[in-house]
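Trainee: Handing you this structure, nothing more for now.
The values are calculated or read from the model by the stated rules, or taken from the named source; none is laboratory data. The structure presented is a predicted model; accordingly, all values stated were derived computationally and were not measured. In this analysis, Cβ positions are derived from the backbone assuming ideal geometry, glycine residues included, and neighbour counts consider all displayed protein chains.
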């Protein structure tokens, strides 16, 4: 085999090997309850706390969603007004693009060179800029999502409080590192 071809194959193999995705791991926890029967009532208190915390958190989140809905509607209405202006500008830009295309002019309105093409140049009747892109219509769901991310918290911190209660009752929280993506064969 020719040395240049062999070198090319080695470089390709090294590049492919270097691009191999790294495995991603995640730490998960196992909970071992205490073996003492007296700790059972303590664990019941922790479980009840966790349930109550999740319920209150869900209720608070639902109330927050109701409160931000009028703001989302207002922002969406403003976005629609901006979109109408952007659409009008897009139509003007598109008309100008089509006119320049029909005359073979470039983006600049200069009559003395800039934007003109040599007749022998392939694609002579193209402006030297791209066709304008239409504006993206606003989405109410996007506006609501932005406000949700800013104002409404889904995580109320219930799990860390439960974990400390569980540990106080004598339970054990054991971390386990598990491969989630691009796992080597022995990790599965």
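Trainee: Here are some residues: 57, 42. Which one is under 29 Å from residue 169 (Cα atoms) and under 30 Å from the mean Cα position of the chain (by Cα)?
Mentor: 57
Trainee: Is there a residue being under 30 Å from the mean Cα position of the chain (by Cα), in a helix (DSSP H, G or I) and without any contact (Cβ under 8 Å) to a residue 40 or more places away in the chain anywhere in the stretch 166-175?
Mentor: No.
Trainee: Being surrounded by fewer than 13 Cβ atoms within 10 Å (Cβ to Cβ) and touching a residue at least 12 places away in the same chain (Cβ under 8 Å): is that true of residue 50 here?
Mentor: It is false that residue 50 is surrounded by fewer than 13 Cβ atoms within 10 Å (Cβ to Cβ) and touching a residue at least 12 places away in the same chain (Cβ under 8 Å).
Trainee: Identify all residues within the stretch 153-188 that are loosely packed, with under 10 Cβ neighbours inside 10 Å, in contact with a strand residue (DSSP E or B) (Cβ under 8 Å, 6 or more places away or on another chain) and modelled with pLDDT under 85; write none if there are none.
Mentor: 188
Trainee: Every residue in the stretch 135-152 that is surrounded by 13 or more Cβ atoms within 10 Å (Cβ to Cβ) and assigned to a loop (DSSP other than H, G, I, E, B), please.
Mentor: Residues satisfying the conditions are 135, 138, 152.
Trainee: When residues of the stretch 1-43 are filtered for being part of a helix (DSSP H, G or I) and at pLDDT below 80, how many remain?
Mentor: Residues in the stretch 1-43 being part of a helix (DSSP H, G or I) and at pLDDT below 80: 16 in total.
Trainee: Further question on the same structure: It is to be established whether one or more residues within the stretch 102-123 are over 30 Å from residue 53 (Cβ atoms), at pLDDT below 90 and in a helix (DSSP H, G or I).
Mentor: Within the stretch 102-123, one or more residues are over 30 Å from residue 53 (Cβ atoms), at pLDDT below 90 and in a helix (DSSP H, G or I).
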